[in-house]
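The values are calculated or read from the model by the stated rules, or taken from the named source; none is laboratory data. Here the structure is a predicted model, which means the values were calculated and not measured. Heads up, the Cβs are rebuilt from the backbone with ideal geometry, glycines too, and the neighbour counts pull from every protein chain shown. Areas reflect the complete protein model, heavy atoms only, side chains present, ligands, DNA and RNA absent. Shrake-Rupley method; radii C 1.70, N 1.55, O 1.52, S 1.80 Å.
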Amino acid sequence: MSFERELVVRAQAGDGAAQEELVRQFSPMVFRLISRFFRYREDVEDLAQDVFFKVFTRINQVRPDENFPGWLRRVTINTCYDELRKTRRRNAAFEIYGPLQESEPVAPSADPERDDFGVARVALEALDPKLKIPLILKEVEELSVAEIAKTMGITETNVKVRLFRGRKKLAANLAKLGPTAK
Amino acid sequence: MNSRMDEFFKQEKSRVFEPDPYFPQRVMARVAARLQEQRENGIWEGMKAGARPVFALALVLLLAFLAVQLFVPVLPPRGPIEAFLSTDQSPDEQLIYTGVDPSSPELEQMIIITEDGQ
């Protein structure tokens, strides 16, 4: 039995030391994945804690033949997806019910988001999480279509469709945001 | 995908946060605190947010059903069991069939007069 497998078995039996060791070993991976979707350290750490809470409450679902890092990646991506959806709903509600925007738009040069890769970032942030997650997993994490499908629990065809739509939408967002994007 | 986006994705690869050395201890403390909280708050807090309205609706329906059973009279009002347990014998029939004396001498007299009249 591998050391990792042994840790999982011990953690399933409620061994606190094994659980802490799992956090120590896998937190860099969890942090790296969450960093792809969230830009502030506090958000990343909060979500990483949520991920490990879910891991320890559901650790009995890990089958003996299951690849633990793959399972953990799935839990992490699902947690990010839920949070991105919540953030998107909050932002949409704020746009409808929040304070009125100033009628004069801010000059592009005064907006820090428009500097350097700011436009690309804004265009990517505007994507639906369903399209954004596969795109980031493919372009930044360099996962294969099969790995993305397994991580997200969808078919490979669905991943390809989402990647195609994501790229198309991203190009449209970039075009909308202005000539600096090109 | 244009080259600017490719550069952007390349830059994104380098943007990674690392956990600090005390992160595992903080996680374990938070996990323990949340499990304790769940135990204290019982079933409602432990339940997924999406499942709560379903659970609440099921509870309301169950209580409504029980209330109907308790407060609304069920027809027929006099079923076979009630008919068996409760008697509808008149006092004179009671006297004849059970042999128990009527509660008052006036009633006894009245029964005798009725029998004599017949």
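Brief remarks on what is shown
- Subset of the range B:4-25 that is more than 7 Å from every other protein chain (Cβ to nearest Cβ) and outside any loop (DSSP other than H, G, I, E, B) - its residue that is modelled with the highest pLDDT: B:Gln25
- Test result for A:Ala48, more than 10 Å from every other protein chain (Cβ to nearest Cβ) and either without any contact (Cβ under 8 Å) to a residue 24 or more places away in the chain or assigned to a helix (DSSP H, G or I) (or both): no
- Given (1) away from chain A (no Cβ under 14 Å); (2) at pLDDT below 85, index of the condition B:Pro53 fails: (2)
- Leading residue by the ranking (most open to solvent (accessible area, probe 1.4 Å)) among those in the range A:1-32 that are of a type outside the set (Ser, Thr, Tyr) and not in a helix (DSSP H, G or I): A:Met1
- Odd one out for A:Phe56, checked against (1) away from every other protein chain (no Cβ under 14 Å); (2) more than 18 Å from A:Glu147 (Cβ to Cβ): (1)
- Note on the range A:127-165: residues that are under 13 Å from A:Phe37 (Cβ atoms), in a loop (DSSP other than H, G, I, E, B) and not acidic (Asp, Glu) total 2.
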